[in-house]
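Reviewing the structure listed below.
Quick note: the coordinates plus some simple rules give every number you see, no bench work behind them. The model shown is predicted, which means the values in this text are computed figures rather than measured ones. With ideal geometry, Cβ positions are generated from the backbone for all residues, glycine too; neighbour counts draw on all protein chains shown.
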Amino acid sequence: MKKLVILLFVGMIGFAVSAQDKVAKIKFKTETIDYGTIEKGANGVRVFEFTNTGEAPLIITKVKSSCGCTVPSWPKEPIMAGQTGEITVKYDTNRVMPIRKTITVTSNAETPTVALKIKGNVIDPK
């Protein structure tokens, strides 16, 4: 009986250790989007595409912009291993100025924080 309990205990420890080896990994197609030179009022929506290259579900807990002129949206449901997802960023192109913003992505991935960047220049054609 003791041998059976010890065997079960050792098996459960081994299972727990192997379960911890599975982690989510987030891989972006690109971490920088260049708007180029765009006109005031132009479409400010851009998309960062990513893939969960890990072995565990990827959960994005927060996406934050460096200013209120950039509004991000992201999937709230887990992204399973091998699946892709998108983080959409909308920049307010009514502001005539150079664009240099950072979008910080926080998740349960092996690298828990990733900094994405947008850049460009908004001009007034008048």
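Look through Phe48, Phe28 and report the one residue that is buried (at least 18 other Cβ atoms within 10 Å of the Cβ) and either within 16 Å of Val114 (Cα to Cα) or out of contact with any helix residue (DSSP H, G or I) (no Cβ under 8 Å at 6 or more places or on another chain) (or both).
Phe48
Quick one: which strands (runs of 3 or more DSSP E) sit completely within region 64-126 and have at least 1 residues that are of a type in the set (Lys, Arg) and under 16 Å from Asp34 (Cα atoms)?
Per the criteria, 84-91, 98-107, 113-123.
Name, by its number, the condition in (1) part of a loop (DSSP other than H, G, I, E, B); (2) under 10 Å from the mean Cα position of the chain (by Cα); (3) not hydrophobic (A, V, I, L, M, F, W, C) that does not hold for Thr51.
(1)
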